[in-house]
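Structure first, commentary second.
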Amino acid sequence: MSGRWYRLAVTAGTILFAAGVAGIIWTAWLIWRPAPPPAMAAAAPEPVRRATPFQPNAPTATVPAPTPTLLPTGAPEVLREGAFDWLQDAEESGRVRLVIQPPEGVNGGREIKSTFIVSSSCSYGTGRACLSTHRGGQVTLLTIHSGLGGEGEALRGAVEGTGLNMAFFSLERIRRNMDALAGSPVQLQGEQGARDDLELVALVRVPPARLEAYFQQPFDEALTAAEEDNPGLADVLGEAEDWLVFEICGWQLPGEAWHPGVTPSTGAIYLGFIRVR
């Protein structure tokens, strides 16, 4: 072998030997390297938080369950069962049907029907109505959608009429319809229970000027505001232990001024107050 080829062979052998040693050192470091400090560990992703749709923007504080007190005999106090408590057991368990029998002058005297699934989530188009309780359990609230094809459309149409993306009746006629519906018999039917001894005591309208405040308040505060705007409503609410209240959206009315919070499909809110006769 010539001297030049001998030197090339020695050089190549040296390089291969050095590469082999480096590979052994790198493999040993990968196996025996220390674990990274906690600060370098990947942080767990934050849970996704989603607001419940179609609920008051500021959620109503949860009312803690009352603590049973001892009677003089030592027996625990029995908590009263509300007239509409069974609706809470009906959540996601089948359809509930609300039927109002109006007088002849409203909806031609034909029944006003609303069918929905009670749920804690009530996005538009899902056939669901949100259920919540307020005023220490005295008021059970049903949030019912009234858009086209919505569960509350029949009531909105009976009260307001339906024009082209707005109400058809005048505000004066709407108020007459609301007054005429007071005292109408109501039936509530579901798989968990049923009542045919109910009446719609009052139907009130939250006007456009109050709409933004209504959506920003917890419902307890919105209910107090409705009492202040409707003389006699507070007295009515004091006449029964249990109330079923529903809320639906109304159309924007022709000629009624625009206010923050108003959209063409949400120009007002109607609140219906139902009690046991």
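Which ³J(HN,Hα) values in Hz, rounded to whole numbers, follow from the phi angles of the range 109-119 under the Karplus curve 6.51 cos²θ - 1.76 cosθ + 1.60, where θ = phi - 60° and Gly and Pro get x?
Listing the rounded values in order: x, 7, 4, 9, 10, 9, 10, 7, 9, 5, 7 Hz.
Per 0.36 nm of contour for each residue apart, how much would the distance between Leu148 and Glu81 grow if the chain were fully extended, relative to their Cα-Cα spacing?
Separation in residues times 0.36 nm, less the Cα-Cα distance, equals 20.5 nm.
What's the ranking of 176-188, 147-159 by average number of surrounding C-beta atoms within 10 Å, highest first?
147-159, 176-188
Within the P(r) computed for the range 134-176, what percentage of the Cα pairs occupies the region above 11 Å?
70 percent
Just grab the label-to-label distance for Thr263 and Gln192, each label 7 Å out from Cα along the Cβ direction, in nm (one decimal).
Label at Thr263, label at Gln192, 2.9 nm between them.
At R0 = 25 Å, how high is the FRET efficiency between Thr162 and Glu92 if r is their beta carbon distance? Nearest 0.05 is fine.
0.25
With +1 assigned to the C-beta of every Lys and Arg and -1 to the C-beta of every Asp and Glu, and no other charges, what is the dipole magnitude of the range 86-276 about the Cα centre in debye, to the nearest 20?
So the dipole magnitude of the range 86-276 works out to roughly 600 debye.
Using Cα pairs under 8 angstrom and six or more residues apart, how large is the relative contact order of the range 86-276, in percent?
Averaging sequence separation for qualifying contacts and normalising by length gives 23 percent for the range 86-276.
Highest first, please rank the peptides 202-209, 100-107 by the mean number of other Cβ atoms sitting within 10 Å of their residues.
202-209, 100-107
Each reported figure results from applying straightforward, stated rules to the coordinates on display, with no laboratory input. Being a predicted model, the structure only gives us computed values, none of them experimental. Glycine gets a Cβ as well: all are built from the backbone with ideal geometry, and neighbour counts include every protein chain shown.
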